[in-house]
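To keep things clear, I will list the structure first and then write my remarks on it.
The values are calculated or read from the model by the stated rules, or taken from the named source; none is laboratory data. Quantities reported herein were computed from a predicted structural model and do not represent experimental measurements. Using ideal geometry, Cβ is built from the backbone for each residue, glycine included, and neighbour counts are taken over all protein chains shown. What goes into the accessible areas is simple: the full protein's heavy atoms, side chains included, and nothing from ligands, DNA or RNA. Shrake-Rupley method; radii C 1.70, N 1.55, O 1.52, S 1.80 Å.
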Amino acid sequence: MRSTCLTCLLALTALLHHSAEAQILYGVTNGNLLIKIDVENCTLCPVMTLNGVQAAADVLILPNGDILTQSFSSGGLRRYTPPDPNPVFSLGGSFGGSILSPGGLVYVSYINPTGLYVFDPSNNSLVYLGVWPSGASVAEFFYDNGELYGFGQLNGVQVLYLINTSDPGQSVVVHSPLPPIGNGGTTNGVYSTAFLGGDFLTQYDAATNTIEVICDFSDVPGLNAITALTDIPPGVPELPCQCTTYAGTVTPGTTNVCLNTDASVPYNGNASLDNNDLLQYILFSDPTDTLGSIVAISNTPSFSFDPATMQTGVPYYLATIAGDNLNGNVDLDDPCLDISDTAAQIIWQPLPSIALTADNATVCGVGNCQTVVATLTGTPPFVFSYEFWSGGAPVGAGVTVSAPGSPHSFLVCPPGPEGAVQVSVCTLQDIYCVGP
């Protein structure tokens, strides 16, 4: 009944909020985990693990939705067709960065040998365009007003190049030095994780050579720097987030509960929730249609019997449920909604009752006995006790009777002295419950 938790990275809200335009980006963290970043809300979530990538230096979404990754240290160029986590194409080498051109080709920065290349997604071919200027290297690209720019270095100084795609060796420095740059990726936005290190999303203004911090992901658990970043081309649908919401487990079993007793969910306290999630407890009647047969939802693991919606003797099921918090309740339409794998069965049992009748209510003389019939409700066998009362006070010791079923006949022998006595039931219980 629950979805599998595919990764330990949670979808968490960053610390810094802002008014950026709504935009969705992809990034890579932990070397090969593709994540989706909501720039407007500064939230991120895991999407898929890219097998074969050890440390992605850049990532690019192609117009058909394929994913292209580049890696340093001879990690190579790899192409993926989601949701398949395995590359459908790979090319050895050491690649630094790439960007999709308006014409659908991909400019690629190749590290060894250094220079600018163009990759054709239609046939996975790589063509050399030329070497960078002497002492130069370029790792990330972006477009601005139809011009291609590249972040890189010149003799150890971090600079911004205006790229000459016809002759890369004639590329010129337009800003030197750049604001502090760490390791990371850029988009055509230009959003970047290169500035200030890989845990911040920033936006670079080429006109002023300044950066603005958009989101701070430095406190997100499980995030080990965003080393690659890309836009999503128009018309390419977003990949869904991996579901990390986990409602935990419930110890299975069947319990009979008396009407005057609450039923408790045997929750094991092991849910895993993201920052938007809520854990609740559900009572339902049909294990083949959990959501369609929910009888009650609670924020605590206890449920009381409600005669307006519940019946005695009918099996119900207790489980945990987790998902997005929607106005104080779990959003049942959350695509990552999770319900505990197992459920505990409970059956509310009615409280037993008893009625005594006798053919002759008069018994003459001490020691004379009378047959009394006990009509009982509940689940047999029954045990009850009675005693004699007279004048508002007990006049005889209590007597215990075991009744295998109902009705049950037993002898009543009033104690002396003679006079009117009443037979009063003191205790009553059936196999499950103690009577009122």
Query raised in the report: How about region 277-291: which of its residues are surrounded by 17 or more Cβ atoms within 10 Å (Cβ to Cβ) and polar (S, T, N, Q)?
Result: GLN280, SER285, THR290
Requested in this report: Please work out which residue is least open to solvent (accessible area, probe 1.4 Å), limiting yourself to region 256-276 and to residues that are closer than 18 Å to ASP341 by Cα and part of a strand (DSSP E or B).
Outcome: SER272
Report task. Please work out which residue is nearest to the chain's Cα centre (by Cα), limiting yourself to region 64-85 and to residues that are hydroxyl-bearing (Ser, Thr, Tyr) and part of a loop (DSSP other than H, G, I, E, B). Result -> THR81
Report summary line: If we keep only residues of region 311-329 that are hydroxyl-bearing (Ser, Thr, Tyr) and farther than 11 Å from VAL265 by Cα, then the residue modelled with the highest pLDDT is TYR316
Query raised in the report: Which one is nearest to SER90 (Cα to Cα) among residues in region 37-52 that are open to solvent by 10 Å² or more (accessible area, probe 1.4 Å) and in a loop (DSSP other than H, G, I, E, B)?
Result: GLY52
Report task. Test GLY222 against the criterion of being touching a residue at least 12 places away in the same chain (Cβ under 8 Å), open to solvent by 20 Å² or more (accessible area, probe 1.4 Å), closer than 24 Å to VAL47 by Cβ and over 27 Å from the mean Cα position of the chain (by Cα), and give yes or no. Result -> no
Query raised in the report: Of all residues in region 117-145 being in contact (Cβ under 8 Å) with a residue 40 or more places away in the chain and assigned to a loop (DSSP other than H, G, I, E, B), which is farthest from PHE195 (Cα to Cα)?
Result: ASN124
Query raised in the report: Going through region 106-128 one residue at a time, which ones are surrounded by 17 or more Cβ atoms within 10 Å (Cβ to Cβ), hydrophobic (A, V, I, L, M, F, W, C) and farther than 19 Å from LEU154 by Cβ?
Result: VAL106, VAL108, VAL118, PHE119
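Residues in region 339-346: is at least one assigned to a loop (DSSP other than H, G, I, E, B), among the small types (Gly, Ala, Ser) and in contact with a Gly (Cβ under 8 Å, 6 or more places away or on another chain)?
Yes - at least one qualifying residue is present in region 339-346.
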Query raised in the report: With (1) surrounded by 20 or more Cβ atoms within 10 Å (Cβ to Cβ); (2) more than 22 Å from VAL118 (Cβ to Cβ); (3) modelled with pLDDT under 90 as the list, and LEU34 as the residue in question, which single condition is left unmet?
Result: (3)
Report summary line: Residue hits (region 161-197; under 25 Å from VAL131 (Cα atoms) and among the aromatic types (Phe, Trp, Tyr)) are TYR161
**Report entry** All positions within region 358-376 that are modelled with pLDDT under 90 and open to solvent by 40 Å² or more (accessible area, probe 1.4 Å)
**Finding:** ALA358, ASP359, ASN360, ALA361, THR362, VAL363, CYS364, VAL366, GLY367, ASN368, CYS369, THR371
Report summary line: Taking first residues from region 30-51 that are more than 25 Å from LEU77 (Cα to Cα) and second residues anywhere that are modelled with pLDDT under 90 and among the acidic types (Asp, Glu), the pairs with Cβ under 8 Å that are 6 or more apart or on different chains are VAL39/GLU21; GLU40/GLU21
Query raised in the report: How many of the residues in region 392-434 are over 15 Å from ALA358 (Cα atoms), β-branched (Val, Ile, Thr) and in a loop (DSSP other than H, G, I, E, B)?
Result: 2
Report summary line: Scanning region 199-216 for residues that are open to solvent by 30 Å² or more (accessible area, probe 1.4 Å), of a type in the set (A, V, I, L, M, F, W, C) and farther than 15 Å from THR29 by Cβ gives ALA207, ILE211, VAL213
Query - Within region 63-93, tally of residues that are surrounded by 19 or more Cβ atoms within 10 Å (Cβ to Cβ) and either in contact with a Lys or Arg (Cβ under 9 Å, 6 or more places away or on another chain) or polar (S, T, N, Q) (or both) - result: 6
